[in-house]
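Structure first, then comments.
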Amino acid sequence: MGGDAPVSVQSMTTTRTSDIGATLQQIAELTASGCQIVRVACPTQDDADALPTIARKSQIPVIADIHFQPKYVFAAIEAGCAAVRVNPGNIKQFDDKVREIARAAKDHGTPVRIGVNAGSLDRRLLKKYGKATPEALVESALWEASLFEEHDFHDIKISVKHNDPVVMIEAYKQLAAQCAYPLHLGVTEAGPAFQGTIKSAVAFGALLSQGIGDTIRVSLSAPPAEEVKVGLQILEALNLKQRGLEIVSCPSCGRAQVDVYKLAEEVTAGLKGMDIPLRVAVMGCVVNGPGEAREADLGVASGNGKGQIFVKGEVVRTVPESRIVETLIEEAFKLAELMRQD
Ligand code: SF4
């Protein structure tokens, strides 16, 4: 993580961490959906007691998320968690504990994420700035990092989350200009799936396109596997992850000679699970159809009740409209097989 390493996608379990079976089950589902790092909440002693088993059995690195109770930080480090997230704004007398946390984390080689959050900003900074401004978030994070640095501990990652993407983007820009630590990006409490997806995509796009950010978490009021799906799509859209199946479909307009929505949906459904990076163009007429279809690995340009099927830039067949979907799917599987053999 950090430097030239690929940006990774993180999510957080919603189970009680103390329920080891349910938590490991959810981690397995997240792993299958492409999640690369998982965070688990640790608000009670029972949760802390579950950490050794979870950290040992999880297929992906487990980060313990600690608020309020420093004793769980030590438990998580001892448990072999891949990292510990602390929110200094929520830990009383945090400054007094830093020396011990730094020593334990160093002894175990455990990185610490300083997770500053607009909703739990240090009271002193809230008073100084009046609210959670980008400057306040950054000052909080760098102050807390400096406490660790005083004890010669530098294995740090930072996040400065805010629910407003504009504030969040500015905070991360300022942070990136002032420190070289890896950064974990997040728009916190981003909302239900649709709103949260938009906010996260806008914010992460603005930052990642400038090389800011090393891990991301899309926070949605939705099942965590959905967060991972969105996170992976954002990375694909930014070319930070190899694209999987990509459907290039036109929005349709008064010139359309075919039901583009239905066609795009049926092709998407027919190719679900395709693990080869294929770009498939589904276009409604001859205005942009042949151009897009030619540029894609595979495509159709529709018109006059027919579809011209393109494969790697060449028209291979012209079929009646009723056979467009099955022909595209058939050609996609042929092409995928050839690409697999290459
Ligand atoms: Fe309209 Fe044709 Fe463009 Fe689709 S490809 S949006 S139908 S002009």
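Are any residues in the range 231-255 among the polar types (S, T, N, Q) and either away from the ligand (no atom under 15 Å from the Cβ) or part of a loop (DSSP other than H, G, I, E, B) (or both), and if so, which ones?
GLN233, ASN239, GLN242, SER252 - these are the residues of the range 231-255 that are among the polar types (S, T, N, Q) and either away from the ligand (no atom under 15 Å from the Cβ) or part of a loop (DSSP other than H, G, I, E, B) (or both).
Name the residue that is surrounded by the fewest Cβ atoms within 10 Å (Cβ to Cβ), counting only residues in the range 141-159 that are hydrophobic (A, V, I, L, M, F, W, C), out of contact with any Phe, Trp or Tyr (no Cβ under 6 Å at 6 or more places or on another chain) and closer than 14 Å to LEU183 by Cβ.
LEU142
Search the range 290-308 for residues that are under 17 Å from ARG279 (Cβ atoms) and among the basic types (Lys, Arg) and pair each with any residue that is open to solvent by 10 Å² or more (accessible area, probe 1.4 Å) and away from the ligand (no atom under 13 Å from the Cβ) when their beta-carbon atoms are under 6 Å apart and the residues are at least 6 apart or on different chains.
Close Cβ pairs (under 6 Å, with a partner that is open to solvent by 10 Å² or more (accessible area, probe 1.4 Å) and away from the ligand (no atom under 13 Å from the Cβ)) amount to ARG294/GLY313.
Sort out which residues of the range 271-283 are open to solvent by 10 Å² or more (accessible area, probe 1.4 Å) and under 21 Å from GLN242 (Cα atoms), and write them in order of number.
Matches in the range 271-283: LYS272, GLY273, MET274, ASP275, ILE276, PRO277, ARG279.
Select, from VAL228, VAL258, VAL287, the only residue that is on the phi < 0 side of the Ramachandran plot, within 16 Å of the ligand (Cβ to nearest atom) and open to solvent by less than 40 Å² (accessible area, probe 1.4 Å).
Testing whether each residue is on the phi < 0 side of the Ramachandran plot, within 16 Å of the ligand (Cβ to nearest atom) and open to solvent by less than 40 Å² (accessible area, probe 1.4 Å) leaves just VAL258.
Being outside any strand (DSSP E or B), open to solvent by 70 Å² or more (accessible area, probe 1.4 Å) and under 28 Å from LYS229 (Cα atoms) is the requirement here; does GLU331 meet it?
no
How many residues are crowded, with 16+ Cβ neighbours inside 10 Å, part of a loop (DSSP other than H, G, I, E, B) and at pLDDT 95 or above if we restrict to the range 43-66?
3
Counting only residues that are out of contact with any Lys or Arg (no Cβ under 7 Å at 6 or more places or on another chain) and part of a loop (DSSP other than H, G, I, E, B), which one in the range 261-283 is farthest from the ligand (Cβ to nearest atom)?
So, considering only residues that are out of contact with any Lys or Arg (no Cβ under 7 Å at 6 or more places or on another chain) and part of a loop (DSSP other than H, G, I, E, B), the one farthest from the ligand (Cβ to nearest atom) is ASP275.
Give me a count of the residues in the range 166-188 that are touching a residue at least 40 places away in the same chain (Cβ under 8 Å) and buried (at least 17 other Cβ atoms within 10 Å of the Cβ).
Final tally of qualifying residues: 7.
Please specify each residue of the range 14-42 satisfying the condition of being buried (at least 23 other Cβ atoms within 10 Å of the Cβ) and more than 14 Å from the chain's Cα centre (by Cα).
THR17, THR23, ILE27, VAL40, CYS42
Name the single residue that is nearest to the ligand (Cβ to nearest atom) among those in the range 290-324 being β-branched (Val, Ile, Thr) and within 33 Å of the chain's Cα centre (by Cα).
Only one residue tops the list, namely VAL300.
Does ASP297 meet the test of being touching a helix residue (DSSP H, G or I) at 6+ places or on another chain (Cβ under 7 Å), open to solvent by 20 Å² or more (accessible area, probe 1.4 Å) and farther than 24 Å from VAL160 by Cα?
Yes: the conditions hold for ASP297.
Which residue pairs have Cβ atoms closer than 8 Å, lie 6 or more positions apart in sequence or on different chains, and pair a first residue in the range 199-215 that is in contact (Cβ under 8 Å) with a residue 40 or more places away in the chain with a second residue that is open to solvent by less than 40 Å² (accessible area, probe 1.4 Å) and aromatic (Phe, Trp, Tyr)?
ILE212/TYR172; GLY213/TYR172; GLY213/PHE204
Within the range 233-240, is there a residue that is closer than 30 Å to ALA5 by Cα, surrounded by 15 or more Cβ atoms within 10 Å (Cβ to Cβ) and either among the acidic types (Asp, Glu) or at pLDDT below 90 (or both)?
yes
Restricting attention to the range 110-121, does a residue exist that is open to solvent by 70 Å² or more (accessible area, probe 1.4 Å), out of contact with any strand residue (DSSP E or B) (no Cβ under 9 Å at 6 or more places or on another chain) and either at pLDDT 95 or above or outside any loop (DSSP other than H, G, I, E, B) (or both)?
no
The values are calculated or read from the model by the stated rules, or taken from the named source; none is laboratory data. Predicted model, so just to flag it, every value in this text is computed and none were measured. A quick note on method: Cβ atoms are made from the backbone with ideal geometry, for glycine too, and the neighbour counts reach across all protein chains shown. Just so you know, the surface numbers come from the protein's heavy atoms only, side chains and all, with ligands and any DNA or RNA stripped out. Shrake-Rupley method; radii C 1.70, N 1.55, O 1.52, S 1.80 Å.
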